[in-house]
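Data first, discussion second: the structure below is written as structure tokens.
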Amino acid sequence: KPHLKKDALLVNTAKGIEVKSGKLLQEVAAEILPGQPYAVLSGPTFAHEVARGLPAALTLAMQADESAARAAAEALSARTFRPYIAYDTVGAEVAGALKNVIAIACGIVGGRGLGENARAAIMTRGMAEIRRFGLHRGAKSETFLGLCGLGDLVLTCSSPQSRNMSVGLALGGGQTLYQALEGKRSVAEGVDSAPAVRQLVAKIGVEAPICEAVAAILDGEIDVDQAIDGLLNRPLKAER
């Protein structure tokens, strides 16, 4: 902190929620570095593909300062790395955190052999949960249709390369959480985000049954089959 210039731009590339407080990372940053310019860089990007120079597009979310946003986008862009500017840091962080929880659910579906129909349903209804939570926190609805929303959800929920989906695949295949995480050098952020999300949605009254089911599985409160039965037997309702 003593060595950081006051006008230096903080660019958050992490995806999660502070577990104990339930705060978004921009709220944590504002406490530690009040008044510091802040941006969120988030989207459908596997790190090893970016490192190899394969094409990627993602969201650079900032506050409503067009000149600063364009300068930051220019600084971060490369021939195969294309940031799109958005003015919704809350939506970008909510989408990035919650899609990891939904990816665990999609992995469980895959590990249990429940089929592609079920995975598509989890992704779609999962996005409804992400959007509901985000709107409650003041996000913009259109953010969840962008690269940091729909784009990142599709990537994370569609490939075993995803750290979070791979954990779900292991759980769906019958492993314990300890077994699913044992020996992994990478971090599956959804494992920590799920209990934080469950606490938050209970507190604010937002409906998020998929996120809650994932958190209950991770905490050992219910098994995979009980979670699936619980979701399938929920009361029928309108889609919107």
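The values are calculated or read from the model by the stated rules, or taken from the named source; none is laboratory data. All of these numbers come straight from a predicted model, not from anything done at the bench. Heads up, the Cβs are rebuilt from the backbone with ideal geometry, glycines too, and the neighbour counts pull from every protein chain shown. Please note that ligands, DNA and RNA were not included when accessible areas were found on the heavy atoms of the full protein model with its side chains. Shrake-Rupley method; radii C 1.70, N 1.55, O 1.52, S 1.80 Å.
For the reader, a short list of remarks on this structure follows.
- Residue-normalised accessible area of the chain, expressed per residue, 1.4 Å probe, Å²: 52
- Segment 127-240, Rg to Rh (Cα coordinates; Rh as Kirkwood inverse mean 1/r): 0.96
- Our note on the geometry: Cα centres of segment 169-240 and segment 1-46, 26 Å apart.
- Nearest-ten-degree value, helix 66-76 long axis tilted from longest Cα axis of the chain: 70
- Degrees between helix 163-172 axis and first principal axis of the chain (Cα, 0 to 90, nearest 10): 10
- Using a cutoff of 8 angstrom between alpha carbon atoms and counting only pairs six or more residues apart, the relative contact order for the chain works out to 21 percent.
- Projected area, mean over directions - segment 90-190, Cα convex hull, nm²: 6.0
- Taken over segment 1-154, the convex hull of the Cα atoms encloses 132 Å³ per residue.
- Among the cysteines of the chain, Cys148, Cys211 have no other cysteine beta carbon within less than 4.7 Å of their own.
- Take every pair of alpha-carbon atoms less than 8 Å apart whose residues are at least six positions apart; their mean separation over the length of segment 1-121 yields a relative contact order of 23 percent.
- Neighbour cut-off at most 14 other Cβ (10 Å), DSSP loop, trypsin sites (Lys or Arg not before Pro), segment 146-225: Lys184, Arg185
- For the chain, modelled as a GNM whose springs connect Cα atoms under 10 angstrom apart, the maximal fluctuation among Ser186, Ser141, Ser158 occurs at Ser186.
- Carbon + sulfur, % of accessible area of the chain - ligands and nucleic acids excluded, 1.4 Å: 55
- Choice from Gly107, Gly53, Gly174 with maximal GNM fluctuation in the chain (Cα, 10 Å cutoff): Gly53
- Between 0 and 90 degrees, the angle of helix 116-136 with respect to the longest Cα principal axis of the chain falls at about 50 degrees.
- Comparing Lys99, Lys15, Lys140 in a Gaussian network model of the chain, where Cα atoms under 10 Å apart are tied by springs, the biggest mean-square fluctuation is seen for Lys140.
- Note on Leu177: accessible area approximately 40 square angstrom, rounded to 10, probe 1.4 Å, nucleic acids and ligands left out.
- Under 27 Å from the Cα of Lys6 - lysines, other chains or at least 8 residues apart: Lys15, Lys23
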